[in-house]
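These notes concern the structure reproduced below.
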Amino acid sequence: MGVSENPLISLFQAFQNISNCIQTQISSLTGIAINPSPPTSNDKQLSSLLSFSSSSSDLSTQQGKVSIPVTKEELGRATWTFLHTLAAQYPEHPTRQQKKDVKELMAILSRMYPCKECADHFKEVLRSNPVQAGSQSEFSQWLCHVHNVVNRSLGKPVFLCERVDARWGKLDCEQRLCDLHGSTDFGGGIL
């Protein structure tokens, strides 16, 4: 399968674009310059990580380069980025299904997270702190609190939850195309 045929490259590029957008927003809010990864080097990394010949006997090396597994810390940062971004996009008046989906997502993470130790710990955190997802602000605050519970257990500094909107505000998308409102009519088109 060629690089251009691998659907994971498009997915990873979309995540990189979202990450760059978030970094740009954080930079504009804080005044601290954050340099997003340049797309060209990222594309090369993705190509080397996601392309290999089907006849390759050693999948850990691709085109002479050794793939390095994601660390537990990298996975954690990426997961928290995803969850806080999801919470920022969560509707202020969610549907019953959206509330159910968020609770199920957290339950799934506690069962299937790639780090078993982390998953087990998250399961305990959820038992003590049931998901609160009645609104965007409630869900964002709950997630910040839960993230702080995890940070404390790891000996990391906690984040002031009053600043969660400044840190994890809505994505900057045209015509609010990033909002999680389900089907919304914009000028006659269903999104």
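Bear in mind that the values in this text are calculations on the coordinates, not laboratory data. This structure is a prediction, so every number in the text was calculated from the model and none was measured. Note that each Cβ is placed from the backbone with ideal geometry, even for glycine, and that neighbours are counted across all protein chains shown.
Counting only Cβ charges, +1 for Lys and Arg and -1 for Asp and Glu, the dipole size of the stretch 72-176 around its Cα centre is about 240 debye.
Between the listed residues 85, 137, 113, the Cα displaced farthest toward the positive end of the dipole of the stretch 72-176, a dipole computed from Cβ unit charges relative to the Cα centre, is found at 113. Given a cut-off of 23 Å, name the pairs among 72/170; 100/123; 123/156; 72/156; 99/123; 99/170 whose C-alpha atoms lie farther apart than that in the structure shown. In this structure, 72/170 exceed 23 Å between Cα atoms.
Going by average Cβ neighbours within 10 Å, how do the peptides 95-106, 140-151 rank, with the highest at the top? Let's see the in-between values first.
Numbers: 95-106: 14.4, 140-151: 19.2.
Highest to lowest by the protection proxy: 140-151, 95-106.
Among 90, 113, sorting on how many other beta-carbon atoms sit within 10 Å of each Cβ, with the fewest leading, yields 113, 90.
Taking θ as phi - 60° and the Karplus parameters 6.51, -1.76 and 1.60, the scalar couplings of the stretch 76-89 work out to x, 4, 5, 5, 5, 4, 4, 5, 5, 5, 4, 5, 5, 8 Hz in sequence order, x denoting glycine and proline.
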